[in-house]
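Asker: Sharing a structure with you now.
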Amino acid sequence: MDINKKIDGISSDISRMSLFNRTILRLLIENGVFTEDEFKDVLIDIDGEDGSLDGKITKKKRASSSCPKCKKTIPLNRDTCMYCGYVVHTDEDVF
Ligand SMILES: [Zn+2]
């Protein structure tokens, strides 16, 4: 796939998500669910949970991973445990 088409698609997705987020935020504030200051306070709290106030959520890099089933240490780039075959999900959930 052409890299420029891929970048254009991602930019378009981000613009659409930004529009949706602004729409939802405006509706929540206008309907009294929370104030803009409350939103900003929680946003700063969540931003800092990854150890860096940088305006985004950064995935934490783990030094090692252990299999949830057999508990043996396995490389982070594996999707399955090489000892017992357990399917390991390496992507950390955002939430
Ligand atoms: Zn295992």
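Asker: Lysine pairs in the chain with Cα distance under 28 Å, only those 8 or more apart or on different chains: how many are there?
Answerer: Final tally of qualifying lysine pairs is 19.
Asker: Once the other residues with Cβ under 13 Å from the Cβ of THR35 are scored (Lys, Arg +1; Asp, Glu -1), what is the net sum?
Answerer: In short, -3.
Asker: At 25 °C and 0.890 mPa s, what whole-number value in µm²/s does Stokes-Einstein give for the translational diffusion of the chain, with Rh from the Kirkwood sum over Cα pairs?
Answerer: Using the Kirkwood radius from Cα pairs, D works out to 143 µm²/s.
Asker: Once the other residues with Cβ under 11 Å from the Cβ of TYR83 are scored (Lys, Arg +1; Asp, Glu -1), what is the net sum? Write down the numbers at each step before the final one.
Answerer: Values: positive: LYS69, LYS71, LYS72, ARG78; negative: none.
Around TYR83, the surrounding residues sum to +4.
Asker: For helix 3-30, report the angle its Cα long axis makes with the longest principal axis of the Cα atoms of the chain; keep it between 0 and 90° and round to the nearest 10°.
Answerer: Tilt relative to the chain: about 50 degrees.
Asker: Here is a further query. Roughly what angle does helix 36-48 make with the longest principal axis of the chain, taking Cα atoms, 0 to 90 degrees, to the nearest 10?
Answerer: Approximately 20 degrees, to the nearest 10.
Asker: Let me have the 222 nm mean residue ellipticity of the chain computed from DSSP H runs of 4+ only, each contributing -39500 (n - 2.57), with the sum over all residues rounded to the nearest 500.
Answerer: It comes out at -15000 deg cm²/dmol, rounded to the nearest 500.
None of the figures in this text is laboratory data; all of them are computed from the coordinates on show. Keep in mind that this is a model prediction, so the values were computed, not measured. Reconstructed Cβ throughout: ideal geometry from the backbone, glycine too, with neighbour counts over all protein chains shown.
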